[in-house]
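J.: Questions regarding the structure given below will be posed in turn.
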Amino acid sequence: MGARKDSLRLPTRTPAYVDREVGAAELRISPDTWDKWVAEGRLPKPSPGFPTTTPRWRWADVDAALSGAKLVNSSSVETMSEEDTMKRYYAAAELYRNAPKKGRRRDLAAS
């Protein structure tokens, strides 16, 4: 049985990783509701790297899940390939190169 929500002292800031009691207290829900939301997929699964006896959740993932942002769990971080990164870089550079010259800052050394 966990600590009661009203008796659990919250830190002055939410830590990067929370256990179920602190996470539940931060959301003002019970630890049982926290477990239910994890099982339903409303909250992410625990972050890897912690023992199963003391699971922790990355607070940024919890916040993203509840705010409707794209969830990137620390166990499945999505990365772009180097080729995709370069394609985006060149596309952005091309947009800049073709942008109208008016309004750009002039090189101060030339004036």
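The values are calculated or read from the model by the stated rules, or taken from the named source; none is laboratory data. The structure presented is a predicted model; accordingly, all values stated were derived computationally and were not measured. When we count neighbours, we look across all protein chains shown, and the Cβ atoms used for this are built from the backbone with ideal geometry, even at glycine.
J.: If you scan the range 28-45, which residues turn out to be under 13 Å from ALA65 (Cβ atoms) and crowded, with 16+ Cβ neighbours inside 10 Å?
T.: TRP34, TRP37, VAL38, LEU43, PRO44
J.: Taking the range 1-25 as the search range and keeping residues that are outside any loop (DSSP other than H, G, I, E, B) and surrounded by fewer than 14 Cβ atoms within 10 Å (Cβ to Cβ), which one is modelled with the lowest pLDDT?
T.: Ranking the qualifying residues of the range 1-25, first place goes to ASP6.
J.: Turning to a different aspect of this structure: Given ALA25, ALA16, which one is among the hydrophobic types (A, V, I, L, M, F, W, C) and over 21 Å from ALA69 (Cα atoms)?
T.: Going through ALA25, ALA16 in turn, just one is among the hydrophobic types (A, V, I, L, M, F, W, C) and over 21 Å from ALA69 (Cα atoms): ALA25.
J.: Of all helices (runs of 4 or more DSSP H) completely enclosed by the range 26-103, which ones contain at least 3 residues that are at pLDDT below 90 and among the small types (Gly, Ala, Ser)?
T.: Answer list for the range 26-103: 82-97.
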